[in-house]
Number of protein chains: 2
Amino acid sequence: MAVELRPSQALRLLHELSLAQVRDDAPDLSQRQLAILLSVYLEAPPHTVRGLAARLGVTKPVITRALDTMGQLRLVSRRRDEADRRNVIIQRTVEGALYLERLGDLVVATARALPR
Amino acid sequence: MAVELRPSQALRLLHELSLAQVRDDAPDLSQRQLAILLSVYLEAPPHTVRGLAARLGVTKPVITRALDTMGQLRLVSRRRDEADRRNVIIQRTVEGALYLERLGDLVVATARALPR
DNA sequence: CGCAATCGTTACGGCTGCGGATTGTTCCGG
DNA sequence: CCGGAACAATCCGCAGCCGTAACGATTGCG
């Protein structure tokens, strides 16, 4: 067990985070998009459309569309799997890593400012 | 300073939370809706449409629409301010309190399970 | 070698939320 | 008492995401 947190603190944390997200008009990702992004960056590659769909419990078009959107934002990129050209490998990008780095820092800073 | 958390832990926390949210097909609120809900439940009343709009930095129709949606979900309710009948007072509900209670517990449980 | 299976994408109709402008009601100052 | 200000709701056209059902490309089994 690592992070001790009371329910009231948890809700305050979510509150501050949601306010921060809403205010700065960054291209706020949907819950699904964020889940995909975090899966790609935190779990071991390779990542495929089918694998992500199974991981999230959603259909494949959901993944394809989310990748379209996040690809335009340069948060992820796609590449054909040359070993099996039916597959598409989802890859990380510098912009995506930066996005998550700033997001992580925001959470840390917000958590640190919580009343005890 | 209360809650110590490293960036990698923060991202893992978000990852687990987003996966949980995506999987159970609960009526997942948008970021804005969540921000409104948390403002209503964590900040001191009374809450008005105008006040919430200013708090979030969005226009009033955004608040009205979000209240429509969350009102149908019974997460909040609306009442005319009898003192100034131009105002609408946003009120908490049992269902809303329960929703946030479960959400807070989920965050706590997820945080507790994070690797040190 | 052909044919079913797999994989990702696209097409379609529908739903929801958005911003901006407008409306109807209520309040208040002159 | 009345005209403007304040407030929330509604209307409008638009953009994004949804689920289902197709589709084209690729693979590998029989």
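The values are calculated or read from the model by the stated rules, or taken from the named source; none is laboratory data. The structure displayed is predicted, hence computed values, not measured ones. Note that we place each Cβ from the backbone using ideal geometry, even for glycine, and neighbour counts take in every protein chain shown. These area figures cover heavy atoms from the full protein model, side chains too; ligands, DNA and RNA do not enter into them. Shrake-Rupley method; radii C 1.70, N 1.55, O 1.52, S 1.80 Å.
Annotation note: of A:A54, A:A44, A:A35, the sole residue that is surrounded by fewer than 16 Cβ atoms within 10 Å (Cβ to Cβ), small (G, A, S) and closer than 20 Å to A:E95 by Cα is A:A44. Take the stretch B:36-49 and flag every residue that is over 11 Å from the mean Cα position of the chain (by Cα) and in contact (Cβ under 8 Å) with a residue 24 or more places away in the chain. Within the stretch B:36-49, B:P45, B:P46, B:H47, B:T48, B:V49 meet the criteria. For first residues located in the stretch A:62-86 and closer than 10 Å to A:V49 by Cα and among the hydroxyl-bearing types (S, T, Y), partners that are open to solvent by less than 100 Å² (accessible area, probe 1.4 Å) and in a helix (DSSP H, G or I) and lie 6+ apart or on another chain with Cβ distances below 8 Å form the pairs A:T64/A:V49.
Rundown of residues vs (1) within 11 Å of another protein chain (Cβ to nearest Cβ); (2) within 27 Å of B:L42 (Cα to Cα); (3) more than 16 Å from the chain's Cα centre (by Cα); (4) within 16 Å of DNA strand D (Cβ to nearest atom), yes/no style:
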{"site": "A:L11", "(1), (2), (3), (4)": "yes, yes, yes, no"}
{"site": "A:L17", "(1), (2), (3), (4)": "yes, yes, no, no"}
{"site": "A:A26", "(1), (2), (3), (4)": "yes, yes, no, yes"}
{"site": "A:L34", "(1), (2), (3), (4)": "yes, yes, no, yes"}
{"site": "A:G51", "(1), (2), (3), (4)": "no, no, no, no"}
{"site": "A:V62", "(1), (2), (3), (4)": "yes, no, no, yes"}
{"site": "A:D68", "(1), (2), (3), (4)": "no, no, no, yes"}
{"site": "A:Q91", "(1), (2), (3), (4)": "no, no, no, no"}
{"site": "A:L103", "(1), (2), (3), (4)": "yes, yes, no, no"}
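For the stretch B:22-32, a residue qualifies if it is in contact (Cβ under 8 Å) with a residue 40 or more places away in the chain and open to solvent by 40 Å² or more (accessible area, probe 1.4 Å), and exactly one does: B:P27.
If the condition is being in a loop (DSSP other than H, G, I, E, B) and closer than 23 Å to A:A35 by Cα, then the stretch B:1-18 contributes B:L5, B:R6. Scanning the stretch A:2-21 for residues that are open to solvent by 20 Å² or more (accessible area, probe 1.4 Å) and farther than 16 Å from B:L106 by Cβ yields A:A2, A:E16, A:A20, A:Q21. B:T69 falls short of the stated requirement of being out of contact with any Pro (no Cβ under 9 Å at 6 or more places or on another chain) and open to solvent by 20 Å² or more (accessible area, probe 1.4 Å). With respect to the conditions (1) within 13 Å of DNA strand C (Cβ to nearest atom); (2) modelled with pLDDT under 95; (3) farther than 23 Å from B:Q21 by Cα, A:D28 lacks only one, and its number is (3).
Just one of the listed residues (B:G57, B:G96) is at positive phi and within 14 Å of chain A (Cβ to nearest Cβ), namely B:G57. Only a single criterion out of (1) more than 7 Å from every other protein chain (Cβ to nearest Cβ); (2) under 21 Å from B:Y99 (Cα atoms); (3) within 16 Å of DNA strand D (Cβ to nearest atom); (4) of a type outside the set (G, A, S) is not satisfied by B:Q21, namely (1).
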